[in-house]
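Colleague: Have a look at this one.
The values are calculated or read from the model by the stated rules, or taken from the named source; none is laboratory data. All values reported here derive from a predicted model rather than from experimental measurement. Quick reminder, even Gly has a Cβ in these numbers, built from the backbone with ideal geometry, and neighbours come from all protein chains shown. Quick note on the areas: whole protein, heavy atoms, side chains included, nothing else; ligands and nucleic acids left out. Shrake-Rupley method; radii C 1.70, N 1.55, O 1.52, S 1.80 Å.
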Amino acid sequence: MLAASTIAASSASSHASCLLSTTTFLTKISGGGSDNVIFLGMKPNTKPCSRGLRVKVKVVQAPEKNMNGYVYRQNFTVKSYEIGANRMATMGALLNHLQDTTVDHIKDAGLLDDGFGSTLEMTRRNLIWVVAKMHVLVDRYPSWGDVVQIESWFGGASVKNGIANHWILRDANTGETLAQANSVWIMMNKETRKVSKFPEEVRGEMAPITMDYCISEDIKLSKLRDNTADFVQTGLTAWWSDLDLNNHVNFAKYIGWILENAPMLILKNHELFDLAMEFRRECGEGDELKSLTTVTVETDGNAECQHMLQLENGIEVMRGRTKWRLK
């Protein structure tokens, strides 16, 4: 669906009908300290692999495609420029493929009006989609030339005026699950730049391809401060080339801003497998930002970073969290 524009969602309590997420990969045994990290489902006395945890995806199973077209499937082939020395380029490429698949899903359902994921009723009201939250979990990154199948479907969101989009990525030849992602999208008025309520007319348009359930993930993203962050990078500027057609910074750029502020030892020796983002305001051309990062390294060598992007005047733009496993 969706323009890669970003803004924050209004906070609201989760719907009672939401299901708890089953996409947790690691767990900490209470009382054992932060170094006591084990596989989900492992017994507490099981010793982890010395090369670090190999995080396996516990899949939220996509419902079978039915006559209402809840699940949309599409393949893509990984290009050489989508594979880099680190996983920053690959993660950004995967997110772009997820977005493209969602737009094609809406188009396949006959709802696409303007090519950016807006439906006819959205266009009449001058509304656009903006991402509020995104969570990506990777078991194995695809390689150059691999054919990947994406399954995409919509469901209820844990915020009042949003809709959720879910994806599962599989190896098209073997069926192996490579990654999965959940996101929450809300609407913004294109002219006033203010968050909009979710019109019932739009909800009606989306109903034929929206499942009557939602997955709620209770991910806590920390607020960081200059005097407590381990790393602070200033002088980041949003250029015209960073914007999409809705005059927002493309979310792949946000990923670059937060990951480039991670310590080089982590970037060189670890692989990103878990990315969570929560957007709190839009970012446009000429905005100057700074990137704040804190780092926690477990005794097994795996690492977790908390991130925050803010304008130079201190206004928050986004919060993030990344988890890294040893290569």
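Colleague: Could you check LEU127 against (1) open to solvent by 20 Å² or more (accessible area, probe 1.4 Å); (2) at pLDDT 90 or above; (3) not basic (Lys, Arg) and say which number it fails?
Modeller: Every condition holds for LEU127 apart from (1).
Colleague: Further question: Which ones in the stretch 290-327 are part of a loop (DSSP other than H, G, I, E, B) and under 21 Å from TRP239 (Cβ atoms)?
Modeller: Once the filter is applied, which keeps residues that are part of a loop (DSSP other than H, G, I, E, B) and under 21 Å from TRP239 (Cβ atoms), the stretch 290-327 yields GLU312, ASN313, ILE315.
Colleague: Take the residues of the stretch 57-82 that are closer than 21 Å to MET211 by Cα and open to solvent by 80 Å² or more (accessible area, probe 1.4 Å): which is modelled with the highest pLDDT?
Modeller: Only one residue fits best here, namely ARG73.
Colleague: Could you count how many residues in the stretch 293-308 are open to solvent by less than 10 Å² (accessible area, probe 1.4 Å) and in contact with a Phe, Trp or Tyr (Cβ under 7 Å, 6 or more places away or on another chain)?
Modeller: At the first step, the residues of the stretch 293-308 found to be open to solvent by less than 10 Å² (accessible area, probe 1.4 Å) are 293, 303, 305, 307-308.
If we keep only those that are in contact with a Phe, Trp or Tyr (Cβ under 7 Å, 6 or more places away or on another chain) too, we end up with 293, 303.
Final tally of qualifying residues: 2.
Colleague: Among the listed residues ALA252, ALA229, identify the single one that is in contact with a strand residue (DSSP E or B) (Cβ under 7 Å, 6 or more places away or on another chain) and either small (Gly, Ala, Ser) or at pLDDT below 90 (or both).
Modeller: Going through ALA252, ALA229 in turn, the sole match is ALA229.
Colleague: In the stretch 98-118, what count of residues is obtained for those that are assigned to a helix (DSSP H, G or I) and either touching a residue at least 60 places away in the same chain (Cβ under 8 Å) or among the small types (Gly, Ala, Ser) (or both)?
Modeller: 7
Colleague: Going through MET122, MET91 one at a time, which residue ends up being farther than 23 Å from ASP171 by Cα, hydrophobic (A, V, I, L, M, F, W, C) and in a helix (DSSP H, G or I)? Let's see the steps before the verdict.
Modeller: Numbers: MET91 fails: farther than 23 Å from ASP171 by Cα.
MET122 is the lone residue from the list that is farther than 23 Å from ASP171 by Cα, hydrophobic (A, V, I, L, M, F, W, C) and in a helix (DSSP H, G or I).
Colleague: Can LYS133 be described as crowded, with 21+ Cβ neighbours inside 10 Å and either of a type in the set (D, E, K, R) or assigned to a loop (DSSP other than H, G, I, E, B) (or both)?
Modeller: Working: crowded, with 21+ Cβ neighbours inside 10 Å: yes; either of a type in the set (D, E, K, R) or assigned to a loop (DSSP other than H, G, I, E, B) (or both): yes.
Judged against the criteria, LYS133 is a match.
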